[in-house]
């Protein structure tokens, strides 16, 4: 069944991305090629070309003796993916091979970049004449190699259905130089010496050999693919897979040409057969990339009637290049650009994709082909280096054997690899030398505009957050100090002093130190993507999560005391914390309050002592008994009696302050208020609890276990919750639902590994929200990985029940976001009623917008903190009306991220702040005994929650309320449809009157009410 689903999806994907090679397309391609040929025909033979055609290029490449007389190309042929019908939409382009005539070159033009210079001059004159025709021409490079420019030709008329189509002009040669002269051990750049000894130039030589054998190699590939439909489809699938992975579809790793070469090799070795389907060939290729040991020796084609490549040459290839792919008829390494780390990354991606096939639903189709595995989402830490105008990069010259940008990539990688050591599993460094809208004729100084990107995958959280490193040597006195370790070892070590809540910055500090010490950079040139969103979790300059240790200690003491209580009929058997603060997922875990203590003297008044305190729910389970009443109300009354007795015992035995209501008991202890509730096993069978206390219990227990497995889970949840609240979705998506969504990206991370940084985790959360198919798929969060096939069947059936009426009415579904767990197989606990269809649609749109912005902030040259703040600033003009609250009447005003102001719409109400409530205690309040002061503390007081509750109760049929439960000072309103009947208007349904009533409801709390849009009328 799963295999059928995968095959069906693959067929649909192939239909979508395969180009239709219609007569219309052929005519369009032929017309463009003809226009190019016509332009070339207009270039006079024997036209003298000098360095003046591209003075900057010739200067920077260091070439001499570049003058020649122009001759027409020996041949002009279409090649590449178009020739084997393997183009993948939407990137539609055709390679046009223009064979440079021998007459333009001298025998020794393989020396000192003369060939490359003449190649560029030849293209320059073609470009000049193409400009006289009606086509648009741009420079680009072959696989990011600046010394090998190519021309992109865009036809004057764009064909419908082919946006962005262009022809890529690639120069080639045939038998231009003696192959022996381009032997890998030869030195063909006279300036490249070490201690006066000429150095071999294998990459430079391969760069020339590539042009000499490009057409022959393309012809070999064409013969392999000819008439083999499934091989072509497998090539298309591999290209789709690779293009989704920006860390491998890049200059030092994989490209479309190499995919075709690898497939041709597998076919030549009979590793794939004509009887195989495209997906089977795809799997074989991935397995080969990920596991084949033959990569260590190199891939060498075997052709009938041809001699193999001699062993001596094979050794030379392996010494010069980490990866080798050679064909006897084209004796050069076709993979000479692949770097060692690029291939490691390729194997890692192939291995992860194999896991997707084995472990994911529908054979991993979504994860393999539809999920974007880019730098921003893949790597735990991203670093951008701004190297504009940095002459250090090309101090030794732009081009020697390799180009200066590739050498700088290697230098940065080497430095970080040594500095981070076993903290990093993988470090990826790439520098894209963009040429768009640039002129290569003016030289290479323009190629440093894009930032150099570094991606770091963490080996483990334990390693990444390690405070002490053994080393460096004592010579580095700035960082080295002598320490004795637990095993008795005495060694020089480096200590990265850091508070526990700040340890995610250790990697940043190490990499910054290494880069600043060894490169000519300032701090402004280095952007680490790691802590840009930390501001959203801080109280002042400190993260309140730092108080979690004292909170857990207080809970431990309370638990022991509860279990020691003797004077109740049933003893306390277990104590389970329910509040998110206990599982490190509360955005603002409470800080110890000076008044919420067991006993003691009245503390001194602090400058800002809050008058409000959050209670922390704790679930108590009593010993089993058969004497519980059967009546629902009687059960609740019995619980209340137990709670009162427990509170009394705590007061009598330990002098603890306890306050009671009918539902719970609040215990003041160690700076916190613990709210006690009772759970017992018969409650599950006797009634379905409206407050969901049974689900809370299981949920809390499971999330607590998950936090233990993934230390970074908590910080990602906290940022996700902050985002949800900041965009006024607090009424739509509960805290527990957010915890489950984030849990999914840790438990089912494929095609990634589990995130090990806050920003990466947050980006994946946003993408999950925006890209998941909520309408037709349930999201199953198997925290303990113990769901049986029977459970999964039950979840599937429950999901189908919620979608029963979808065909008749797309709004007629319950649990629009279906979140299933082991304790909630019908998605009834957290998302049964909200978000509804329209709320989810809005949530998805906001998540998509934020994900795109975050992706841009990570990858592009953005260092402005305001841009990062925009991720958490919600546009108030997206609402029909807005209520602004008095900031100094919020219970925790220090949690407000950005004060809200509005300069548009109709101002319909204004109100003064109430003097009854102040968020901070004044000296006047601070009189009396400790008990009297405790009574002044407002436990669980949240005027915003009460105000929103009143609005929803009073105006539920008129408008929807959107608010921020974490401390926002703005409430959004979106109208439901209003009646247009006169009678309705007479009954006070005028929108302005309604908004004025809203202002009256919040008198003393509401600052202003604005009307931005009138409601849509409904007859």
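The values are calculated or read from the model by the stated rules, or taken from the named source; none is laboratory data. For clarity, every value in this text was computed on a predicted model and none was experimentally measured. Heads up, the Cβs are rebuilt from the backbone with ideal geometry, glycines too, and the neighbour counts pull from every protein chain shown.
Listed by first and then second residue, the pairs linking a residue in the stretch 443-465 that is over 11 Å from residue 422 (Cα atoms) and in the same structural domain as residue 406 (by TED's automatic domain parsing) to a residue that is crowded, with 19+ Cβ neighbours inside 10 Å and modelled with pLDDT under 90, with Cβ atoms under 6 Å apart and 6 or more places separating them unless they lie on different chains, are 447/433. Among the residues of the stretch 536-555, is any within 22 Å of residue 856 (Cβ to Cβ) and either modelled with pLDDT under 90 or not assigned by TED's automatic domain parsing to the domain that holds residue 384 (or both)? Taking every residue of the stretch 536-555 in turn, at least one turns out to be within 22 Å of residue 856 (Cβ to Cβ) and either modelled with pLDDT under 90 or not assigned by TED's automatic domain parsing to the domain that holds residue 384 (or both).
Given the options 323, 341, name the one that is more than 25 Å from residue 218 (Cα to Cα), crowded, with 19+ Cβ neighbours inside 10 Å and more than 20 Å from the chain's Cα centre (by Cα).
Working: 323 fails: more than 25 Å from residue 218 (Cα to Cα).
The unique qualifying residue is 341.
Going residue by residue through the stretch 911-918, is there one that turns out to be outside any strand (DSSP E or B), under 20 Å from residue 726 (Cβ atoms), touching a helix residue (DSSP H, G or I) at 6+ places or on another chain (Cβ under 9 Å) and modelled with pLDDT under 90? No, that holds for no residue. Return yes or no: is residue 236 modelled with pLDDT of 95 or more and on the phi < 0 side of the Ramachandran plot? Here the answer is yes, as residue 236 does meet what is asked.
Here residue 233 passes the criteria (1) touching a residue at least 24 places away in the same chain (Cβ under 8 Å); (2) touching a strand residue (DSSP E or B) at 6+ places or on another chain (Cβ under 9 Å); (3) within 23 Å of residue 172 (Cβ to Cβ); (4) in a helix (DSSP H, G or I) except the one numbered (3).
In this entry, residue 808 is excluded by the filter for residues that are outside the structural domain of residue 945 (by TED's automatic domain parsing), in contact with a helix residue (DSSP H, G or I) (Cβ under 9 Å, 6 or more places away or on another chain) and modelled with pLDDT under 90.
If you go through the stretch 325-343 and keep only what is part of a loop (DSSP other than H, G, I, E, B) and closer than 22 Å to residue 426 by Cα, you end up with 335, 336, 337, 338, 339. Residue check: is residue 116 under 28 Å from residue 431 (Cβ atoms) and in contact (Cβ under 8 Å) with a residue 60 or more places away in the chain? Criteria met by residue 116.
Tell me the residue from 799, 746, 833 that is under 22 Å from the mean Cα position of the chain (by Cα) and either at pLDDT 90 or above or surrounded by fewer than 20 Cβ atoms within 10 Å (Cβ to Cβ) (or both), please.
Numbers: 799 fails: under 22 Å from the mean Cα position of the chain (by Cα); 833 fails: under 22 Å from the mean Cα position of the chain (by Cα).
None of the other options fit; the residue is 746.
Selection of first residues in the stretch 351-378 that are free of Cβ contacts under 8 Å to residues at least 40 places away in the same chain and of second residues that are buried (at least 21 other Cβ atoms within 10 Å of the Cβ), restricted to Cβ pairs under 8 Å at least 6 apart or on distinct chains, gives the following pairs, ordered by first then second residue: 358/364.
Residue 384 meets the conditions (1) buried (at least 19 other Cβ atoms within 10 Å of the Cβ); (2) over 30 Å from residue 59 (Cα atoms) in every case but one. The failed one is (2).
Which ones in the stretch 730-755 are part of a loop (DSSP other than H, G, I, E, B) and under 18 Å from residue 537 (Cβ atoms)?
Residues of the stretch 730-755 that are part of a loop (DSSP other than H, G, I, E, B), as a first pass: 730-734, 748-755.
If the condition is that a residue be part of a loop (DSSP other than H, G, I, E, B) and under 18 Å from residue 537 (Cβ atoms), then 730, 755 are the ones that fit.
Number of residues in the stretch 56-70 that are under 15 Å from residue 123 (Cα atoms) and in a helix (DSSP H, G or I) equals 3. Of the set (1) within 17 Å of residue 1005 (Cβ to Cβ); (2) modelled with pLDDT under 90, all apply to residue 890 but (2). The numbered conditions (1) buried (at least 18 other Cβ atoms within 10 Å of the Cβ); (2) part of a loop (DSSP other than H, G, I, E, B); (3) at pLDDT below 95 are all true for residue 73 except (3). The residues of the stretch 617-665 that are part of a loop (DSSP other than H, G, I, E, B), over 51 Å from the mean Cα position of the chain (by Cα) and buried (at least 17 other Cβ atoms within 10 Å of the Cβ) amount to a single one, 628. Residues in the stretch 399-415 that are in contact with a helix residue (DSSP H, G or I) (Cβ under 8 Å, 6 or more places away or on another chain) and crowded, with 21+ Cβ neighbours inside 10 Å: 399, 404, 405, 408, 412. For the residues 787, 853, the requirement of being outside the structural domain of residue 430 (by TED's automatic domain parsing) and in a helix (DSSP H, G or I) singles out 853. Could you grab me the full set of residues in the stretch 417-446 that are touching a strand residue (DSSP E or B) at 6+ places or on another chain (Cβ under 6 Å) and modelled with pLDDT under 90? Those that are touching a strand residue (DSSP E or B) at 6+ places or on another chain (Cβ under 6 Å) and modelled with pLDDT under 90: 433, 435, 440. Taking (1) surrounded by fewer than 19 Cβ atoms within 10 Å (Cβ to Cβ); (2) outside any loop (DSSP other than H, G, I, E, B) in turn, residue 592 satisfies each apart from (2).
Within the stretch 863-891, the set of residues being outside any helix (DSSP H, G or I), in contact (Cβ under 8 Å) with a residue 12 or more places away in the chain and within 29 Å of residue 764 (Cβ to Cβ) comprises 863, 873, 874, 879.
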